[in-house]
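Beneath this line is the structure, given in structure tokens, with notes to follow.
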Amino acid sequence: MNVEWLFHLPAPVRRRLYFGLQRAVGSRLGEVWREFQSWEGLSSEGLKTRVEARLAETLSGAVQHNAYYRELGLAPRSGEPATEFLRRFPILPRPTVRARFTDLVIDSLRHEITSPQSVARRRYDWLVVKTGGTTGNPTTVVHDARARDWGRATRLFSARQCGHPLGTRYFRLWGSETDLLQTQASLSLRVQAALLGYVPMNAFRSREADLQRHYETMRQHPEIDSLMTYVDAAVILARYIQDRKLRPPPLRTIMACAGTVTAESRAVLQDVFGAEVFDKYGSRECCDVACECRAHQGLHVYSPNVFLEVVDAAGASCVPGQTGRILVTLLNNPTFPLIRYEIGDVGQWAEPGRCGCGLAWPRLQSLQGRADDMLLTEDGTLLSSVFVRHFVGVSLNRQLIREWQLEQTASKRFVFRFIPVQTEGLAANLEIIQKSFRQVLGQSVAIEARQVTELPLSATGKMRWIINSVGQPEAAPPSA
């Protein structure tokens, strides 16, 4: 069935139809979206009170109705704030979620949700969700109807924060399995895409012909000036346009997701497209978690739906500006509570205080990439992938090397893959890069420079510029 006509309807009509469609399938998104927005005007004290109440409800429900949390033998002490009670819960790593999947399901549904392959019988109910599985080993969680609605609300808020609220047409440079497998998306997904108003482009394809097709698609829609994208896919497209001296399609805003927005990638996107770049942070299992606003003073954590912690290797809370592991507690998913879930990313808190935009929600100052993208130096120090990408970006001459990837294959062995633009001066530049890497990673490390025609993608089809195939040293056990 052709649903393209829906795409061309006026924005107010598409907004009404979108919420009407959600109601028709049993979703309560409309009222959840209104409640989500009600949190925006809260004072710092009002926000603290509301977060405390929602967190207390989440923790109390988990210890009463889930086998995994019941085994911990935890109970709130008299007068103990929920934020203090939370710190007595152990950190929940992904391997534990995989191993204890059924024990994390609420008691009343354990007979129905028996494995990651379970399917709900009702139309709009719980849903099994798999993570992206960047390392090839996805983690499975369950989102109930409440969590699905709150997840959609986070996405609506992110779009609004990034300058293309519901009804605004935009380009979507995103992963498309249906494109790769040459199949057609379901009717409901095609209707939803048309109502949301996005023009899809496949971020999993980045060969020259694919990049040219993305460019032509954007040129065919001069009326669209917003882009939602995998950040690395957008950078590849921007450099393609730059290298070929093409006339870039002008954009007003770019929502950069599914990767680390470095200073270098932000500058490339701003220079090529002339757009304001917004860093948006989220995951499949936790939905949208945080996003920049127009003030660009950090990423606002979505307090209506998540409670975040940033902790060091020993599990102690990090102070603003200190890099640590990010822990996520979902506040609207009683069917499958994720409490102090270690999502696998590292970041820093911003200094507390109300943002220039007026929101009192806490802010992440920056995201430093995935924990499994941290490189191990000769002396055992973990090196941030953000630093490495900035380091390489500054050192590399963009007239010589178009794209690159650094993989740690052993404790003292690295492979630097690169796609050259030209060969003149390349050998000397590579020698400088290798020498500079040794100054940071250690003088005894071996760095193989390997020229390739195409960079290998992750198991999920994403580009990973930094890869640690070795792992990290064991951290001290977190405090319970």
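All of the numbers you see were taken from the coordinates with simple rules; none came from a lab. Remember, it's a predicted structure, so these values are computed and weren't measured experimentally. Ideal geometry is used to build each Cβ from the backbone, glycine not excepted, and the neighbour counts take in all protein chains shown.
General remarks:
- Working note: Karplus 6.51/-1.76/1.60 with θ = phi - 60° gives segment 234-241 the couplings 5, 5, 4, 5, 4, 6, 4, 5 Hz, where Gly and Pro are set to x.
- Percentage relative contact order, segment 32-94, counting C-alpha pairs under 8 Å, at least six apart: 26 percent
- The trypsin sites (Lys or Arg not before Pro) found in segment 284-327 include none that occupy coil by DSSP while having at most 13 further C-beta atoms within 10 Å.
- Spatially proximal lysines relative to LYS435 (Cα-Cα < 17 Å; intrachain offsets below 8 disregarded): LYS412
- Once exposed loop GluC sites (Glu not before Pro) are cut out (DSSP; at most 16 other Cβ, 10 Å), longest piece of the chain: 224-377
- Just so you know, the averaged projected area of the alpha carbon convex hull for the chain sits at 23.1 nm².
- Annotation: amide H of GLY259 within the under-5 Å range of VAL231, sequence separation 5 or more or interchain, hydrogens built in the peptide plane.
- Estimated vicinal HN-Hα couplings, Hz - segment 344-356 in sequence order (Karplus 6.51, -1.76, 1.60; Gly, Pro = x): x, 10, 10, x, 9, 6, 7, 4, x, x, 5, 6, x
- Relative exposure of VAL25, VAL97, VAL306, VAL191, judged by other C-beta atoms within 10 Å (fewest first): VAL25, VAL191, VAL97, VAL306
- Built amide H within the under 5 Å cut-off of VAL129, gap 5+: VAL141, VAL142, HIS143
- 5 angstrom amide H check on GLU403, placed H, neighbours 5+ away: ILE419
- Reachable aspartates and glutamates, given that their alpha-carbon falls under 17 Å from the alpha-carbon of LYS280 and they are not under 8 places away in the same chain: ASP232, GLU264, ASP288, GLU292, ASP345
- With contacts taken as Cα pairs under 8 Å at a separation of at least 6 residues, the chain carries a relative contact order of 15 percent.
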